[in-house]
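Inspection log for the structure reproduced underneath, given as structure tokens.
The values are calculated or read from the model by the stated rules, or taken from the named source; none is laboratory data. Remember, predicted model here, so these are calculated numbers, not experimental data. We place every Cβ from the backbone using ideal geometry, glycine too, and count neighbours over all the protein chains shown.
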Amino acid sequence: MKLSQSFTKTMKTAPADEASVSAKYLLRAGYIYKEMAGVYDYLPLGMRTLNKIIQIIREEMNAIGGEELSLTALQTKEVWDATDRWSDDVMDIWFKTKLNAGGELGLAPTHEEPLTRVMKSYISSYKDLPVYAYQFQTKFRNELRAKSGIMRTREFVMKDLYSFSKDRAEHDKFYEECAQAYIKIFNRLGIGNDTYRTFASGGAFSKYSDEFQTLCEVGEDIIYLDREKGIAVNEEVYNDEVLADLNLDKKKLEKCKAAEVGNIFTLGYRFSDALDLCFNDEDGKRQKVFMGSYGIGPSRVMGVIAEKLSDDKGLVWPEEIAPFKYYLVGIGEEAEKKAAELYEKAPEDIIFDDRESARTGEKFADADLMGIPYRVVISDKTLAENKVEIKDRKTGETKLLTLDEFTSKLA
């Protein structure tokens, strides 16, 4: 990316109605654009980071046998009537609309029903199971209060995986594999040390569900954390009986604010019963499919990472998800020419700040605000020594590399 050719620009201030650090920095740095409360556009920098987060999640879902698909956001009333979830009295977060030809449609807030209906065409025998199908899809939820920028929105990207198993035992095995995959994901995203598997209500389907909660001051949840065991309990199920069940000592628990970045649920037969999703077992007997649901919101995770890892200068992205690895600046006529040469060697890794109208200090401030991992400066002085100056955004450490050494890093 050459900044002189990009339409996005940084801003000195964020909208007054944004309270969270992540929202302010993401808006100011040109990652997102606010359409209205709870609805944001992803600009080029934001898209690159969001797609890198999605790719990490995709790799870990594929590693445990997930198959990616894409379901429609537009949903018919009939499939949701079958599970009694079309009514606003049951689910009050629907966005609905009417067809000109007659009838109602909804913008899907989740996809258990439609995917269960799809699977009726492909699951008929025990040989067809298990199935682990997932997607990255835009969800729509008519939240009463949107807050904290992209951490709670009315339109957002969700990775939702649904498991279809022969029985509870097969489900439980995959459930645990998915929990471990989530831990790998959050480690790769740079928030693993502050993200904890958290016991929460399982609703009508199971004794517990598992949330993955990241310690965060603007988070909406309260958890009780045992740091030694690395697990937590959501406030909604926090009582003596649950603590005894989980073998947790109340005296060792720390009350913390946290943001939910993922969850996994046992669904059991709730949707296969309602939509009659069955298979014939080895004896030819008709059995219901046992289901589970596993969600991560990549856009929400992006907001949590921005909130957690920023400092007083701006964003501080982990290298694996930063939109670019290097922020390149040339100071002086000959240095700018050499910077342009270096940019051409690896344009996918480099933001080249070639703006003629921006002062050097402004360029440095923008590099910090955008959170690019390494700022690379070529000046006439360093060029005379055949070197470049590299500053680590996270640590502030600065070092000199020869041009050859830096070129090999690009390769």
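Structure notes:
Residue by residue, here is whether (1) basic (Lys, Arg); (2) more than 28 Å from Ile54 (Cβ to Cβ) holds:
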| residue | (1), (2) |
| --- | --- |
| Leu225 | no, yes |
| Lys229 | yes, yes |
| Lys252 | yes, yes |
| Ile264 | no, no |
| Asp281 | no, yes |
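- Pick from segment 29-54, criterion among the charged types (D, E, K, R) and modelled with pLDDT of 95 or more, ranking: farthest from Ala322 (Cα to Cα): Asp41
- When the test is whether a residue is of a type in the set (Lys, Arg) and not in a loop (DSSP other than H, G, I, E, B), Arg117 passes it.
Each row is one residue, and each column tells you yes or no for (1) within 15 Å of the chain's Cα centre (by Cα); (2) surrounded by 13 or more Cβ atoms within 10 Å (Cβ to Cβ); (3) of a type in the set (Ser, Thr, Tyr); (4) within 21 Å of Gly149 (Cβ to Cβ).
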| position | (1), (2), (3), (4) |
| --- | --- |
| Thr13 | no, no, yes, yes |
| Ser20 | no, yes, yes, yes |
| Lys24 | no, yes, no, yes |
| Tyr33 | no, yes, yes, yes |
| Gly38 | no, yes, no, yes |
| Leu43 | no, yes, no, yes |
| Leu50 | yes, yes, no, yes |
| Glu60 | yes, yes, no, no |
| Thr76 | no, yes, yes, no |
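- From the options Ser165, Ser206, Ser124, residue that is farther than 23 Å from Ile53 by Cα, at pLDDT below 95, surrounded by fewer than 21 Cβ atoms within 10 Å (Cβ to Cβ) and not basic (Lys, Arg): Ser206
- Answer residue from segment 168-200, given it is surrounded by fewer than 19 Cβ atoms within 10 Å (Cβ to Cβ) and of a type in the set (A, V, I, L, M) and is nearest to Ser272 (Cα to Cα) among those: Ala169
- Among the residues of segment 137-169, the one identified as more than 20 Å from the chain's Cα centre (by Cα) and of a type in the set (Asp, Glu) is Asp167.
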